[in-house]
1. Mind counting the residues in the stretch 1-58 that are closer than 14 Å to residue 97 by Cβ, outside any helix (DSSP H, G or I) and of a type outside the set (A, V, I, L, M)?
2. Looking at residue 13 and the list (1) closer than 26 Å to residue 154 by Cα; (2) within 15 Å of the chain's Cα centre (by Cα); (3) of a type in the set (D, E, K, R), which single condition is not satisfied?
3. Report whether or not residue 95 is within 19 Å of residue 38 (Cβ to Cβ) and not aromatic (Phe, Trp, Tyr).
4. Could you tell me whether residue 111 is farther than 26 Å from residue 139 by Cα and of a type in the set (Lys, Arg)?
5. Inspect all residues belonging to the stretch 92-99 and state whether any of them is in contact with a Gly (Cβ under 8 Å, 6 or more places away or on another chain) and crowded, with 20+ Cβ neighbours inside 10 Å.
6. Going residue by residue through the stretch 29-44, is there one that turns out to be without any contact (Cβ under 8 Å) to a residue 40 or more places away in the chain and surrounded by 12 or more Cβ atoms within 10 Å (Cβ to Cβ)?
7. Any residue in the stretch 107-122 that is surrounded by 14 or more Cβ atoms within 10 Å (Cβ to Cβ), in contact with a Ser or Thr (Cβ under 7 Å, 6 or more places away or on another chain), farther than 17 Å from residue 154 by Cα and modelled with pLDDT of 95 or more?
8. Within the stretch 74-83, is there a residue that is modelled with pLDDT under 95, assigned to a loop (DSSP other than H, G, I, E, B) and surrounded by 14 or more Cβ atoms within 10 Å (Cβ to Cβ)?
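The values are calculated or read from the model by the stated rules, or taken from the named source; none is laboratory data. Keep in mind that this is a model prediction, so the values were computed, not measured. Ideal geometry is used to build each Cβ from the backbone, glycine not excepted, and the neighbour counts take in all protein chains shown.
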Amino acid sequence: MLPVKTDFPAAFRALVTGEVAFIVIGGVAAMLHGVARTTYDVDVVYSRDRANLARLAQALAPHAPYLRGAPQGLPFVWDESTLRHGLNFTLETLVGDIDLLGEVPGGGSYRELFPHSETAMAFGFSCRVVRLEKLIQLKRAAGRPKDLEPIAELQALLEERQRGTP
């Protein structure tokens, strides 16, 4: 599949209209909290209950999900069974890169992360996004250089909010 610039509204449309239970994390979550950062993919923690796996498989199927970085021609079937037998999927799709995480370091599963999320508008769609405090924890737990870089900016934003500064 050719690289595609992520069409964030289309990605969110697929997930939200497909009634997928998910929580936005990563760069998009940082942007939704007001951080001026560029991101190239959508990172979500998704519920692993059977009904949600079926909705997720159906919601993304029209967008031809394929394992990002896998050789072309590698047998890959996108369905509920694949989701049930896997956990984390880094996908390229016709609407861009989407990372589906069954669990995330520092946050756990969808059920564990849900109390640390809130409803927000993302690209015209209402969805759950991880709260700023937890996003900082997730970035620290990931420990990758690309995750550590925005922590200072996220922390400054959190401190401004705690002081009541807009």
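1. 9
2. With (1) closer than 26 Å to residue 154 by Cα; (2) within 15 Å of the chain's Cα centre (by Cα); (3) of a type in the set (D, E, K, R) applied to residue 13, the lone miss is (1).
3. Values: within 19 Å of residue 38 (Cβ to Cβ): yes; not aromatic (Phe, Trp, Tyr): yes.
In short, yes.
4. no
5. First, pick out the residues of the stretch 92-99 that are in contact with a Gly (Cβ under 8 Å, 6 or more places away or on another chain): 99.
The next check asks that each one be crowded, with 20+ Cβ neighbours inside 10 Å; those that pass are none.
No; the residues of the stretch 92-99 include none that is in contact with a Gly (Cβ under 8 Å, 6 or more places away or on another chain) and crowded, with 20+ Cβ neighbours inside 10 Å.
6. Looking through the stretch 29-44, at least one residue is without any contact (Cβ under 8 Å) to a residue 40 or more places away in the chain and surrounded by 12 or more Cβ atoms within 10 Å (Cβ to Cβ).
7. There is at least one residue in the stretch 107-122 that is surrounded by 14 or more Cβ atoms within 10 Å (Cβ to Cβ), in contact with a Ser or Thr (Cβ under 7 Å, 6 or more places away or on another chain), farther than 17 Å from residue 154 by Cα and modelled with pLDDT of 95 or more.
8. Scanning the stretch 74-83, I find no residue that is modelled with pLDDT under 95, assigned to a loop (DSSP other than H, G, I, E, B) and surrounded by 14 or more Cβ atoms within 10 Å (Cβ to Cβ), so the answer is no.
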